[in-house]
Amino acid sequence: MTSFPAILRSEWTKIRSVRSTVWTLALAFVVTVGIGALLSLLTNNNFTEFRRHDADTPFDATGTAFSGIMLGELAIIVFGVLAIGNEYSSGMIRVTLAAVPQRATLLAGKAVVLGALALLVSLVTAFVTFFLGQALLGSHSTTLGEPNVLRAVLGAALYLTMLCLFAAGVTTMLHNQTLALGVLVPFFFLLSPILSAVPKVKTLAHYFPDYAGSRMLLVYEQHGQPYGPWAGFSICLAWTAAALLGGALVLKNRDA
């Protein structure tokens with residue numbers, strides 16, 4: 001029986017030895033920080049114009065800094081897919097399963113390594129995004145000491161981490177990285193936004209992981225929102241747990 005620390009070392013070696021996963025994770029940092037910084041600068045330079053139609057609502061400096069998180073979501077999803085799917089596309093999963101026949105333990109090891117790495121990068125990304133954004137917002141900025149701001153920044157990091165694990169779970173279920181991307185990218189960037197705009201079904205879309213994740217970044221809760229940050233965290237966590245559980249069941253009962 002392969003020890004769990006040995007599984008963790010093996011999974012860490014796999015991730016850092018594949019350039020596509022490393023560059024994709026780096027891209028999540030670059031696009032989130034870069035787009036957030038650009039929009040923060042534009043907002044500061046054109047603050048009066050941008051706030052012309054929103055004068056009755058408080059300005060969310062934290063949300064402005066995280067304006068680029070949508071592209072960060074895409075990059076972290078791709079990272080989660082590639083980290084699992086590369087083994088299936090190359091056929092190395094058969095070697096891995098021969099070395100570690102305890103399939104649930106194997107997936108747990110993958111999830112721990114992926115989750116720890118995604119959390120570390122997401123925390124760095126979230127805090128750099130926040131501080132750079134506030135610096136560029138000038139007199140319109142906020143601080144971590146303001147109510148709910150630190151919670152929102154940590155929420156951004158947790159959301160990206162759970163998104164990575166969700167993508168990994170879906171890829172494990174599908175056994176194919178191309179198919180996983182073909183499901184996840186339209187789901188998050190086409191289906192969810194479209195359903196959110198359709199009155200009769202938008203309530204359903206409010207419980208998708210991307211909408212729930214956006215609640216985790218809220219600093220100001222506005223009237224009419226279906227739920228707040230903590231409920232958003234619980235919904236995201238449930239989606240992530242379901243994807244990993246589904247991946248474990250498929251991995252246990254289906255040949256590679």
Does any residue of segment 177-197 turn out to be touching a Lys or Arg at 6+ places or on another chain (Cβ under 7 Å), surrounded by 15 or more Cβ atoms within 10 Å (Cβ to Cβ) and under 26 Å from VAL112 (Cβ atoms)? no
Spans of helices (runs of 4 or more DSSP H) in segment 157-245 with at least 3 residues at pLDDT 90 or above and under 28 Å from THR105 (Cα atoms): 177-186
Mind checking which residues of segment 118-136 are surrounded by fewer than 24 Cβ atoms within 10 Å (Cβ to Cβ) and either at pLDDT below 95 or among the aromatic types (Phe, Trp, Tyr) (or both)? PHE127, PHE131
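For the structure I just gave you, tell me whether LEU25 is of a type outside the set (Val, Ile, Thr), under 20 Å from ILE77 (Cα atoms) and in contact (Cβ under 8 Å) with a residue 12 or more places away in the chain. Spell out the reasoning first.
On the way: of a type outside the set (Val, Ile, Thr): yes; under 20 Å from ILE77 (Cα atoms): yes; in contact (Cβ under 8 Å) with a residue 12 or more places away in the chain: yes.
The answer is yes for LEU25.
Take the residues in segment 81-114 that are touching an Asp or Glu at 6+ places or on another chain (Cβ under 7 Å) and among the β-branched types (Val, Ile, Thr), then tell me which one is surrounded by the most Cβ atoms within 10 Å (Cβ to Cβ).
Taking segment 81-114 first, the residues touching an Asp or Glu at 6+ places or on another chain (Cβ under 7 Å) are 93, 96, 109-110, 113.
Retained after the next criterion (residues that are among the β-branched types (Val, Ile, Thr)): 93, 96, 113.
On the way: ILE93: 19, THR96: 18, VAL113: 21.
Here the answer is VAL113.
Inside segment 23-79, can you point out the residues that are assigned to a helix (DSSP H, G or I) and among the charged types (D, E, K, R)?
The initial filter retains those residues of segment 23-79 that are assigned to a helix (DSSP H, G or I), namely 23-45, 47-50, 61-65, 69-79.
Within segment 23-79, GLU49, GLU73 qualify.
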Within segment 87-102, does at least one residue satisfy the condition of being in contact (Cβ under 8 Å) with a residue 24 or more places away in the chain, within 14 Å of the chain's Cα centre (by Cα) and not in a helix (DSSP H, G or I)? no
Subset of segment 141-156, residues surrounded by fewer than 22 Cβ atoms within 10 Å (Cβ to Cβ), touching a residue at least 12 places away in the same chain (Cβ under 8 Å), part of a helix (DSSP H, G or I) and not β-branched (Val, Ile, Thr), comes to ARG151, LEU154
Among all residue pairs at least 6 apart or on different chains, which show Cβ distances below 7 Å where the first residue, located in segment 195-206, is within 16 Å of GLY232 (Cα to Cα) and the second is surrounded by fewer than 14 Cβ atoms within 10 Å (Cβ to Cβ) and at pLDDT 80 or above? HIS206/PRO226
So for segment 14-24 (the condition being surrounded by 14 or more Cβ atoms within 10 Å (Cβ to Cβ), more than 18 Å from the chain's Cα centre (by Cα) and modelled with pLDDT of 90 or more), does at least one residue qualify? no
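The values are calculated or read from the model by the stated rules, or taken from the named source; none is laboratory data. Please read all numbers here as calculations on a predicted model, not as lab measurements. No Cβ is skipped: glycine too gets one built from the backbone with ideal geometry, and neighbour counts run over all protein chains shown.
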